[in-house]
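What follows is a set of notes on a single structure, which appears directly below.
The values are calculated or read from the model by the stated rules, or taken from the named source; none is laboratory data. This one's a predicted model, so the numbers in the text were calculated from it and none came from an experiment. Ideal geometry is used to build each Cβ from the backbone, glycine not excepted, and the neighbour counts take in all protein chains shown.
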Ligand SMILES: C[S@@+](CC[C@H](N)C(=O)[O-])C[C@H]1O[C@@H](n2cnc3c(N)ncnc32)[C@H](O)[C@@H]1O
């Protein structure tokens, strides 16, 4: 197996099937998945979206096994393919957050669509769907969601739920949001969690202590609680509709006049998703690296990166591209 590594090992691009590599990769904070779409888009892509669910399932199983509650998955695709894969992701515990739409504009189909024969509106979009790994808690051999675990732990204290407001020093947010059993539930912020934990362990039935512990020895700290959810830094002025014409100009890698890889993603979007969901030093996975757009984005953002590209020619182009970037890093911005 061929592999390219920077001197510091910060960036590693492998020429192999991603399935052979997951086991040796460290746990990711971000997974940028831009694999088969089911449109015969590149060598190895499926001809139709039928069967995409089965194709992805072993990969999803590995992502699930190796990810933690801080992991975000960005799943690129086209709508027809994504609908096939979404149920598998849900089944493996990935929670849908948002569907971001890359609107390529009318330019994408100009001169290319015959309204006399079309039976649907022309598609000019790709999507990049955000998923997070649901945190799960184990209690006496049973697996619980965060909501159920919070309620379970409070019940164990023997205190009424009404006391959670007093514990967190809020008017009613604890009973209305953080301990409710309905869809209005959301995760208590770390400061509130810290107060709830202190109160429960001070006033709860002594025999059940410690409360809000995952190891039975100490309650979760504020810092540990923060790590129970995926990172997200929402940028100002950006919505879930990303308007940009199809990739062309100097960013598009070409041999002569021909694009080297039809699915090369804009560096701008790849940087955006990585930056929104990780910190410097965090590990980014790109299991279907193509031309290694993620490697360049991760390097620019000072993240660590591992990527896999099964096709030796494409891998070679990705390495060449990365080396050019290293020599002239500002050209990619
Ligand atoms: C949609 S392209 C990725 C394009 C990439 N995002 C870019 O910007 O250049 C998908 C790539 O995944 C590769 N691929 C498909 N199956 C793979 C597998 N099992 N392991 C590694 N790479 C794979 C294909 O050869 C293809 O180049």
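Out of contact with any helix residue (DSSP H, G or I) (no Cβ under 8 Å at 6 or more places or on another chain) and surrounded by 15 or more Cβ atoms within 10 Å (Cβ to Cβ): is that true of residue 177 in this structure?
On the way: out of contact with any helix residue (DSSP H, G or I) (no Cβ under 8 Å at 6 or more places or on another chain): yes; surrounded by 15 or more Cβ atoms within 10 Å (Cβ to Cβ): yes.
Criteria met by residue 177.
Hey, could you check region 101-128 for residues that are touching a helix residue (DSSP H, G or I) at 6+ places or on another chain (Cβ under 8 Å) and in contact (Cβ under 8 Å) with a residue 24 or more places away in the chain and say which is farthest from residue 272 (Cα to Cα)?
Checked region 101-128; the qualifying residue farthest from residue 272 (Cα to Cα) is 123.
State yes or no: is residue 68 on the phi > 0 side of the Ramachandran plot and part of a loop (DSSP other than H, G, I, E, B)?
Answer is no for this residue.
Restricting to region 35-45, give me the number of residues that are in contact with a helix residue (DSSP H, G or I) (Cβ under 6 Å, 6 or more places away or on another chain) and more than 10 Å from the ligand (Cβ to nearest atom).
Number of matching residues: 1.
I want to confirm something. Restricting to region 52-61 and keeping residues that are crowded, with 18+ Cβ neighbours inside 10 Å and within 14 Å of the ligand (Cβ to nearest atom), which single residue is farthest from residue 27 (Cα to Cα)?
52
Could you check residue 50 against (1) in a loop (DSSP other than H, G, I, E, B); (2) touching a strand residue (DSSP E or B) at 6+ places or on another chain (Cβ under 8 Å) and say which number it fails?
Of (1) in a loop (DSSP other than H, G, I, E, B); (2) touching a strand residue (DSSP E or B) at 6+ places or on another chain (Cβ under 8 Å), only one is false for residue 50: (2).
Would you mind telling me which numbered condition in (1) in contact with a strand residue (DSSP E or B) (Cβ under 7 Å, 6 or more places away or on another chain); (2) touching a residue at least 40 places away in the same chain (Cβ under 8 Å); (3) over 28 Å from residue 28 (Cβ atoms) residue 67 fails?
Among (1) in contact with a strand residue (DSSP E or B) (Cβ under 7 Å, 6 or more places away or on another chain); (2) touching a residue at least 40 places away in the same chain (Cβ under 8 Å); (3) over 28 Å from residue 28 (Cβ atoms), residue 67 violates only (3).
So, restricting to strands (runs of 3 or more DSSP E) that lie completely within region 234-333, which ones have at least 2 residues that are more than 16 Å from the ligand (Cβ to nearest atom) and assigned by TED's automatic domain parsing to the domain that holds residue 35? I'd like the intermediate steps shown before the answer.
On the way: elements: 241-243, 283-286, 304-308.
Result: 241-243.
Considering only residues of region 4-34 that are within 13 Å of the ligand (Cβ to nearest atom) and in a strand (DSSP E or B), which is surrounded by the most Cβ atoms within 10 Å (Cβ to Cβ)? Walk me through how you get there before you give the answer.
Of region 4-34, the ones within 13 Å of the ligand (Cβ to nearest atom) are 13-22, 25, 31-34.
If we keep only those that are in a strand (DSSP E or B) as well, we get 13-15, 31-33.
On the way: 13: 24, 14: 23, 15: 20, 31: 24, 32: 29, 33: 23.
Here the answer is 32.
Out of 96, 75, which single residue is within 30 Å of residue 42 (Cβ to Cβ), within 23 Å of the chain's Cα centre (by Cα) and surrounded by fewer than 15 Cβ atoms within 10 Å (Cβ to Cβ)?
Working: 75 fails: surrounded by fewer than 15 Cβ atoms within 10 Å (Cβ to Cβ).
On inspection, the qualifying residue turns out to be 96.
Which of the residues that make up region 208-233 are part of a loop (DSSP other than H, G, I, E, B) and touching a strand residue (DSSP E or B) at 6+ places or on another chain (Cβ under 8 Å)? I'd like the intermediate steps shown before the answer.
Residues of region 208-233 part of a loop (DSSP other than H, G, I, E, B): 209-212, 214-218, 220-221, 227-233.
Within region 208-233, 210, 211, 212, 214, 220, 229, 230, 231, 232 meet the criteria.
When you check residue 38 against the structure, is it within 18 Å of residue 264 (Cα to Cα) and either in the same structural domain as residue 314 (by TED's automatic domain parsing) or in a helix (DSSP H, G or I) (or both), yes or no?
yes
Going through 93, 38 one at a time, which residue ends up being touching a strand residue (DSSP E or B) at 6+ places or on another chain (Cβ under 8 Å) and at positive phi? Outline the logic, then answer.
Numbers: 38 fails: touching a strand residue (DSSP E or B) at 6+ places or on another chain (Cβ under 8 Å).
Only one candidate passes the filter, namely 93.
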